[in-house]
């Protein structure tokens, strides 16, 4: 009997209890990743006074965290394709939790910076691998929808962290340990942020390795064992793959035979195919798109609380740039440890907006294709950005700015899902890692761009992001359609 393509096997097995278990685990892991990355901004504000973090030290800390993710992201993508998705997930999760836990007890700034750098090293491996792992248990048709559902965890995290900070603010934790060292709110917040990660360790322990990974390294028997387990969990113990007409599985675009190299040379040779032939076009288009969406979705986030704080200090209605110019001329700056009810409510509103937009995307999947949805939301983001040139009321400015940030953020996972569909299994994690690396550079670039241009010409600063979103929309339009991907898989299977 001829081997059956694994995509056809997933169609037979459906999205059953095994996929639900993997999906729930990845949601928990995504929430933990978001707690560590997005929650850091709240922690830094809360602990600024105790760690003596001024603007310069804040810049160094954020730069170190993102620099760690940029330089180590590709390595973890390479290891994920080499030793397996589950091993990298488990190891990076343990190391992230351990280093984050230790950072909560650092007595001064420099030791805290070193530990957060280590967190940045391992969190990037976790972020890259969980998307790859989840996608390889889903059929091609379900993959973008499942990725969008996982993104709900980002919105939940953006509500969870400020709610925890708000609760701690009212509890006002102060546990004296020795001399001037105390366990205070921000240290406890780091520990609370670890809870989804600890749950993730327990859930990962019983999950199987990706059968697509086994096929990519020619371990067909191991792949069949995992698929048999999925079959019995989804269909019942009396149903086997053989009863469904499957005795052997294969997948399209398997890797060619390889020549053994040392670690560094192998890293280079295993990555080069991503930038050859048709894959080069996909990598360029998705890299430019991700660079822009990361820059707008994450790089501008820090300005939400700043704008809210400034708007409270100034009497009268004015557009955003006039508001910021007036604040600069009046020397209005953020105070240290500025955690208060209003700032946390704005953060919670940011999370609720993210969750709402993701739910809207889910509904739109009933009527529209993935690329169409991406085009609509990217162009809508550009339109919302244009509104910042005219809206004046404080509440409206905050609402518009949040939408300007949230719309690109909610498109990110869908863009990455396109790349996952286009790249073969043995290159998939490395491709996602490169895209994440480019995205992190986008965050750093946008932060520097805003910092250096805002004082010179505010109008040009935010309108440049509008123009960038229009460029991202063009890149998305040039990406292949879902029908093209399906037809190509059918021809190569």
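No lab work stands behind these numbers, since they all come straight from the coordinates. Just so it is clear, the model here is predicted, and its values are computed rather than measured. Cβ placement follows ideal geometry from the backbone for every residue including glycine, while neighbour counts extend to all protein chains displayed.
Quick look at the numbers
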{"quantity": "Quarter of the Cα convex hull surface for region 350-477, i.e. its orientation-mean projected area (nm²)", "calculated": "8.8"}
{"quantity": "Degrees, to the nearest 10: 341-364 long Cα axis against longest axis of the chain", "calculated": "30"}
{"quantity": "Degrees separating the helix 425-453 axis from the principal Cα axis of the chain, which is the longest one", "calculated": "10"}
{"quantity": "Value at 222 nm in deg cm²/dmol, rounded to 500, when DSSP H runs of n ≥ 4 in the chain each add -39,500 (n - 2.57)", "calculated": "-25500 deg cm²/dmol"}
{"quantity": "Helix axis angle, 458-478 relative to the chain longest principal axis, alpha carbon, degrees", "calculated": "10"}
{"quantity": "Peptide ranges 472-478, 130-136, 61-67 listed from the most packed, as the mean C-beta count within 10 angstrom indicates", "calculated": "130-136, 472-478, 61-67"}
{"quantity": "Stokes-Einstein diffusion coefficient of the chain, Kirkwood radius over Cα pairs, 25 °C, 0.890 mPa s, in µm²/s", "calculated": "104"}
{"quantity": "Highest to lowest packing among 394-404, 41-51, 216-226, scored as the average C-beta count within 10 Å", "calculated": "41-51, 394-404, 216-226"}
{"quantity": "Reciprocal mean inverse distance between Cα atoms of region 77-165 - Kirkwood radius, Å", "calculated": "14.9"}
{"quantity": "Ordering of 236-249, 94-107 by burial proxy (mean other Cβ atoms within 10 Å per residue, highest first)", "calculated": "94-107, 236-249"}
